[in-house]
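What follows is a short report on a single structure.
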Amino acid sequence: MAETLNFDNAAAGTSPEGWTLTMTGKGEPRWTVETEPTAPSKPNALKQSGRATFPVAIKSDTSIRDGFVEVKFKAVAGSEDRAAGVIWRAKDAGNYYVVRANALEDNVVLYKMVNGVRTSLAIVGRKGGYGVSTPVPSGQWHVLRCDFAGSRFKVTYDGKLLFEVEDTTIAQAGMIGLWTKADSVTLFDDLTYGEIK
């Protein structure tokens with residue numbers, strides 16, 4: 001059972017219903033539904049245009065232990081950072097898993113956030129390193145996905161399986177959501193998620 005949210009039922013300039021629009025850390029995130037001519041499913045996209053340590057949007061009514069989360073995103077601007085991420089197994093704004101693509105660093109990295117402290121996780125079958133280098137051009141739509149079951153997470157970017165991570169820190173079901181960093185201005189559309197029974 002998959003559900004897709006395209007933010008097209010909300011009025012432009014409003015906040016989407018059913019979401020906790022918050023952050024990890026400090027700052028002033030700004031999550032709004034906006035009219036976006038390039039949106040994969042027109043007319044709207046969800047935009048994060050504020051500034052915070054890590055702006056986070058959590059889908060309040062979700063609880064998934066094993067499943068997937070996928071989103072289309074476009075990195076628009078940001079000089080300190082230019083990132084887009086999906087989160088899963090979120091307990092709150094300080095505890096979750098996140099995989100993010102970064103247009104300034106041209107890489108995709110998976111982290112765990114525990115009590116507001118972010119730690120990157122090692123990739124299965126590789127010693128050391130930091131995520132996976134891959135082009136993340138700004139101003140274009142991309143697809144970021146994570147399939148998660150038990151302690152194994154598979155990350156797919158633009159249809160290509162990039163890497164897998166093993167981690168047992170957050171084992172219980174939690175909420176899914178979206179994530180950016182610092183001064184990233186990022187658009188999101190077609191958020192799809194579901195549970196694997």
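The values are calculated or read from the model by the stated rules, or taken from the named source; none is laboratory data. Since this is a predicted model, take the numbers as computed values, not measurements. A quick note on method: Cβ atoms are made from the backbone with ideal geometry, for glycine too, and the neighbour counts reach across all protein chains shown. Ligands, DNA and RNA are stripped out before the accessible areas are found, and what is left, the full protein with its side chains, is counted by its heavy atoms. Shrake-Rupley method; radii C 1.70, N 1.55, O 1.52, S 1.80 Å.
Give the residues of region 94-117 that are over 15 Å from the mean Cα position of the chain (by Cα) and in a strand (DSSP E or B), sorted by residue number.
Passing the criteria: Val114, Val117.
If we scan region 64-80, do we find a residue that is over 25 Å from Ala171 (Cβ atoms), among the hydroxyl-bearing types (Ser, Thr, Tyr) and touching a residue at least 12 places away in the same chain (Cβ under 8 Å)?
Yes.
Working only within region 117-130, note down all residues that are under 14 Å from Leu161 (Cβ atoms) and of a type in the set (Gly, Ala, Ser).
Listed by number, the list holds a single entry, Gly125.
For Thr62, state whether it is assigned to a loop (DSSP other than H, G, I, E, B) and in contact with a strand residue (DSSP E or B) (Cβ under 9 Å, 6 or more places away or on another chain).
Judged against the criteria, Thr62 is a match.
For residues in region 38-60 being in contact with a Phe, Trp or Tyr (Cβ under 8 Å, 6 or more places away or on another chain) and among the hydroxyl-bearing types (Ser, Thr, Tyr), which is nearest to Pro16 (Cα to Cα)?
Ser60
For Ala103, work out the one condition from (1) modelled with pLDDT of 95 or more; (2) of a type in the set (A, V, I, L, M); (3) farther than 20 Å from Ser138 by Cα it doesn't fulfil.
Against the list (1) modelled with pLDDT of 95 or more; (2) of a type in the set (A, V, I, L, M); (3) farther than 20 Å from Ser138 by Cα, Ala103 comes up short only on (3).
What tally of residues in region 65-93 results from selecting those that are in a strand (DSSP E or B), open to solvent by 10 Å² or more (accessible area, probe 1.4 Å) and under 30 Å from Ser151 (Cβ atoms)?
Qualifying residue count for the region: 5.
Please state which of the following conditions Ala103 fails to meet, knowing it meets all the rest: (1) in contact with a strand residue (DSSP E or B) (Cβ under 9 Å, 6 or more places away or on another chain); (2) surrounded by fewer than 15 Cβ atoms within 10 Å (Cβ to Cβ); (3) over 30 Å from Met1 (Cβ atoms).
All conditions pass for Ala103, except number (2).
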